[in-house]
Amino acid sequence: QVQLVESGGGLAQAGGSLRLSCAASGSIFSFGSMGWYRQAPGNQRELVATITSGGSLNYADSVKGRFTVSRDNAKNTVYLQMSSLKPEDAAVYYCNAAGVRSNPWSPYRDYWGQGTQVTVSS
């Protein structure tokens with residue numbers, strides 16, 4: 001019942017910034033964490049940043065100090081503010097919601113967005 005839709009991807013210059021948005025639709029009764037993963041061609045999908053329902057943050061070492069994950073609970077939206085972009089940041093970025101229940105009688109499950117492309121030019 002829950003859908004995640006990413007937006008904000010595109011082309012940025014190395015050293016520049018982009019902000020990704022992930023809007024959740026449908027009912028989310030509870031969740032464990034929401035955040036972002038990325039996958040570049042030929043690479044495994046990797047964690048970028050997550051935020052738990054309690055507000056705890058987790059970042060990949062490669063993005064610490066450059067990326068910030070946040071939530072707007074009123075809009076059911078999670079953001080990824082990316083600064084000081086590097087060419088190695090280029091990837092498809094996927095929004096993730098883990099440990100989600102859409103209603104009190106639903107089982108826990110994970111949801112993924114469709115992905116948004118981030119390209120970084122040097």
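The values are calculated or read from the model by the stated rules, or taken from the named source; none is laboratory data. Note that the coordinates shown come from a computational prediction; the quantities given were computed from them, not determined experimentally. Note that we place each Cβ from the backbone using ideal geometry, even for glycine, and neighbour counts take in every protein chain shown. Note: accessible area is taken over every heavy atom of the protein model, side chains too, but ligands, DNA and RNA are not part of it. Shrake-Rupley method; radii C 1.70, N 1.55, O 1.52, S 1.80 Å.
Before moving on, here are some points about what is shown:
- Integer Hz, Karplus 6.51/-1.76/1.60 couplings in order for the stretch 73-84, x for Gly and Pro: 5, 5, 9, 6, 10, 10, 10, 10, 8, 10, 10, 6
- Among the protein heavy atoms, those of ARG101 account for about 50 Å² of accessible surface (1.4 Å probe, every chain in place).
- Gaussian network model of the chain, springs between alpha carbon atoms under 10 Å - residue of ASN76, ASN103, ASN58 with greatest fluctuation: ASN103
- Checking every one of the trypsin sites (Lys or Arg not before Pro) in the stretch 66-100 against DSSP loop status and a limit of 16 other Cβ atoms within 10 Å picks out ARG66.
- Sulfur and carbon atoms: percent of accessible area, the chain [1.4 Å]: 48
- Relative contact order of the chain, defined on C-alpha pairs under 8 angstrom at six or more residues apart (%): 37
- For the stretch 1-89: accessible area per residue (Å², 1.4 Å): 53
- Diffusion coefficient, µm² s⁻¹, Stokes-Einstein with Kirkwood Rh over alpha-carbon pairs of the stretch 1-61 at 37 °C and 0.692 mPa s: 240
- Choice from ALA12, ALA60, ALA74 showing the highest fluctuation, given a GNM over the chain with Cα pairs closer than 10 Å: ALA74
- Sites listed here are chymotrypsin sites (Phe, Trp or Tyr not before Pro) in the stretch 4-44 whose DSSP assignment is loop and whose Cβ has at most 13 other Cβ atoms within 10 Å: PHE29.
- Residues whose placed amide H lies under 5 Å from that of SER102, excluding near-sequence neighbours: PHE29
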